[in-house]
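Worksheet for the structure shown next.
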Amino acid sequence: MDYFELEAIETFFDEIPIRFRIADGTARYHVPLLLSPGPIRRTAEADSVRIRRATPADRDVLAAVARASKGHWGYDETFMRRVDPALVPDPAYLAECPVFVVECDGTPLGFYGFLTRDGEISSKICG
């Protein structure tokens, strides 16, 4: 049972599995993913957005992004303290798994990563 089920909160999506196989470990793959309950607007700033590989040195900045993202929903301080450990990316996860930072002019906007389980990759949206 996930957070939304525990809190009886209805979401606009239930579960979105992303499954694919990597045939060539040296090749580059593009897995497009966009989730939004509302419209997406293209702005001039979109031209300066880049995606780069995260490193363990990004941990504190990514934790701040995750906290700001979660805090945006107006959760109370007690809830935020309770979930805070889950919002801090583990250094081993950042070092060993493909985790990417989305940034605009060097400022992190969000991040996402993938976990490998039994030879399959699954998405883990982090913040």
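Quick notes on this structure:
- Scope region 62-113; condition part of a helix (DSSP H, G or I) and open to solvent by 70 Å² or more (accessible area, probe 1.4 Å); matching residues: Arg67, Glu77, Thr78, Arg81, Arg82, Pro85, Ala86, Glu96
- Some residue of region 78-98 being at pLDDT 90 or above and of a type in the set (Gly, Ala, Ser): no
- Hits in region 30-61 (condition: at pLDDT 90 or above and part of a loop (DSSP other than H, G, I, E, B)): Ala54, Thr55
- The set of residues from region 64-115 being in contact (Cβ under 8 Å) with a residue 60 or more places away in the chain and touching a Pro at 6+ places or on another chain (Cβ under 8 Å) comprises Val65, Ala66.
The values are calculated or read from the model by the stated rules, or taken from the named source; none is laboratory data. Note that the structure is a prediction, hence the values are computed from the model and not measured. When we count neighbours, we look across all protein chains shown, and the Cβ atoms used for this are built from the backbone with ideal geometry, even at glycine. All accessible areas refer to the heavy atoms of the entire protein, side chains included, with ligands and DNA or RNA removed. Shrake-Rupley method; radii C 1.70, N 1.55, O 1.52, S 1.80 Å.
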